[in-house]
Amino acid sequence: MTEIIARIAGTGAYLPARVLTNDDLARIVDTSDEWIRARTGIRERRIAAEDETTASMGAEAARAALAAAGLSPADIDLVVVATATPDNTFPATAALIQNRLGVRAGAAYDVHAVCSGFLYALTAADNAIARGQARNALVIGAETFSRILDWTDRSTCVLFGDGAGAVALTAAVREEAAPRGVLGSYLRADGRYADLLYVDGGPSTTKTVGHLRMQGNQVFRHAVTNIAEAIEKVCADAGVAIADIDWFVPHQANQRILEAVARRLGLDEGRVVSTVARHGNTSAASVPLALHEAVADGRIKAGDLVLMEAMGGGLTWGAALVRW
Ligand code: ACO
């Protein structure tokens, strides 16, 4: 029997034009370029313009992914958007993006797993393709965190940025040897830690949007353990040795987390794609933004084993393994 695999046919990205540097932030809160770079590796981040939203940025990234894949909106029968900063409480930002693109077939919905959202969305679309429920899917991670930051709180406002990344997935016949496509994924959540990283508002509680709150040092400790667990699990399930991974595309929260995970698993740091210095933490957008950069500059090539991972609010975490 022919087995279907979801293959990544194209990637795309969108970053707002406005750059906010660490020196710019030092004029707003009591911080310094030196502190931010030493603690996080971040040098600058992008901030959405007044008229830019999660849907507008997500649609731009999706257009680029469609073009790279050689697909048109008429080919798409599933849109999954990972975001914690939707344009509206409802409808789903996926419905808004579907309409902006002129996609008229299939389903469109949002997935809410904060920084792990792209891994959750990719898994949902992969499952739909494997079950024959979709043939061509757009998986988009898009965020406008600048709108939920407390710009007086130096412990959080220096960390995040805005942007969007997207992949176009297409159903392909799974090759017997070295199949190309999504080889596996692993998702986790542990709601006992919800109060380590949350937004202090919402429609059913405060009736306001609220602001991001984080106990950063505690999140940091969970991040290294959970990410390492997810990488080991997804590799073991796929029968792939960690040493055989060509590229690690991690969630870009903090350069120190990337390095700690690399040390713990014995990863070659030259194989870790890092964009955190220029993007900051863009939550659900960070993995597809980094992925797109490494594909566009030729680092990731056909046949490469690519491992993506993330951890975020929830707590949620996960990993996905793809042969390009
Ligand atoms: N500038 C200067 N000083 C600061 C700043 C700043 N921007 N922010 C905090 N400080 C101070 C604190 O007030 C504290 O001062 P004190 O010792 O006098 O009390 C000191 O720096 C140390 O603070 P810590 O929070 O212990 O610093 P830490 O080394 O842990 O770094 C950071 C903080 C960068 C937030 C780190 O903990 C981190 O990256 N955590 C993980 C974040 C993450 O992975 N999030 C998950 C994904 S995000 C999502 O899902 C939305």
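The table for this structure:
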{"item": "From T170, T93, T152, residue being over 20 Å from the mean Cα position of the chain (by Cα) and either at pLDDT 95 or above or away from the ligand (no atom under 16 Å from the Cβ) (or both)", "result": "T152"}
{"item": "Filter result for R7 (over 17 Å from V276 (Cα atoms), among the basic types (K, R) and in contact (Cβ under 8 Å) with a residue 60 or more places away in the chain)", "result": "yes"}
{"item": "Filter result (outside any loop (DSSP other than H, G, I, E, B), without any contact (Cβ under 8 Å) to a residue 60 or more places away in the chain and over 15 Å from T316 (Cβ atoms)) within segment 214-228", "result": "N217, Q218, F220, R221, V224, A228"}
{"item": "Residues satisfying the stated conditions in segment 84-131, i.e. polar (S, T, N, Q) and without any contact (Cβ under 8 Å) to a residue 40 or more places away in the chain", "result": "N88, Q98, N99, N127"}
{"item": "Filter result for the condition that a residue is polar (S, T, N, Q), within 16 Å of the ligand (Cβ to nearest atom) and under 23 Å from M308 (Cβ atoms), over T85, T123", "result": "T85"}
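The values are calculated or read from the model by the stated rules, or taken from the named source; none is laboratory data. Nothing here was measured: the structure is a model prediction, and the numbers come from that model. Ideal geometry is used to build each Cβ from the backbone, glycine not excepted, and the neighbour counts take in all protein chains shown.
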